[in-house]
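The values are calculated or read from the model by the stated rules, or taken from the named source; none is laboratory data. Quantities reported herein were computed from a predicted structural model and do not represent experimental measurements. Glycine also receives a Cβ, built like all others from the backbone with ideal geometry; neighbour counts cover every protein chain displayed. Side chains included, ligands, DNA and RNA excluded: accessible areas come from the protein's heavy atoms. Shrake-Rupley method; radii C 1.70, N 1.55, O 1.52, S 1.80 Å.
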Amino acid sequence: MSVEKTLSIIKPDATKRNLTGLINTKFEKAGLRIIAQKRLQLTRSMAEKFYEVHKDRPFYNDLVDFMISGPVVVQVLEGDNAVKLNRDVMGATNPEDAEEGTVRKEFAESIEANSVHGSDSLENAQKEISFFFANIELVT
Ligand code: ADP
Ligand code: MG
């Protein structure tokens with residue numbers, strides 16, 4: 001097992017419903033440590049840049065609109081195999097396909113408003129962490 005860091009975002013649908021604490025409890029119970037966290041209102045250009053890999057997908061514009069529709073909480077989670085562990089805690093992109101007990105099964109409203117983002121690889125985790133955080137902000 002290797003200790004990894006991954007980037008997590010609690011999305012606007014969840015912050016609006018005051019679910020930050022309940023979602024963080026799921027991370028912590030799974031053994032992920034929140035080593036950095038801040039609440040932000042993303043600008044359109046930040047959201048466009050963050051989701052640039054999806055810019056040719058039909059849902060891109062709606063996704064950007066959704067991600068700037070309210071505050072987000074960006075965070076760095078650390079733990080053994082944190083990238084995969086966090087994806088397991090999150091559940092499938094579409095909440096209808098997500099397993100019992102996952103964040104998306106319990107809290108997501110739709111395939112778009114699905115409560116959380118999590119990096120999908122260690123390489124992307126490093127890029128996404130540096131998109132939002134300086135090294136000095138990661139307190140292990
Ligand atoms: P994940 O967040 O599980 O890694 P993707 O990277 O494929 O999923 O998609 C990024 C985000 O785009 C999703 O979390 C969701 O908010 C949105 N999204 C994905 N697929 C769709 C879709 N078919 N319709 C609307 N929104 C979508
Ligand atoms: Mg993804």
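Can we say Lys11 is at pLDDT 95 or above and either open to solvent by 70 Å² or more (accessible area, probe 1.4 Å) or polar (S, T, N, Q) (or both)?
On the way: at pLDDT 95 or above: yes; either open to solvent by 70 Å² or more (accessible area, probe 1.4 Å) or polar (S, T, N, Q) (or both): no.
The answer is no for Lys11.
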Practice prompt. Can you give me the number of residues within region 61-110 that are of a type outside the set (S, T, N, Q) and open to solvent by 30 Å² or more (accessible area, probe 1.4 Å)?
Written response: 19
Practice prompt. Go through region 27-43 and give me each residue that's within 16 Å of ligand 1 (Cβ to nearest atom) and in a helix (DSSP H, G or I).
Written response: Phe27
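Tally up the residues in region 45-54 that are exposed (fewer than 12 other Cβ atoms within 10 Å of the Cβ) and within 16 Å of ligand 1 (Cβ to nearest atom), please.
Filtering region 45-54 for residues exposed (fewer than 12 other Cβ atoms within 10 Å of the Cβ) gives 45, 52-53.
With the extra rule that they be within 16 Å of ligand 1 (Cβ to nearest atom), the set shrinks to 52-53.
Residues that pass the stated criteria total 2.
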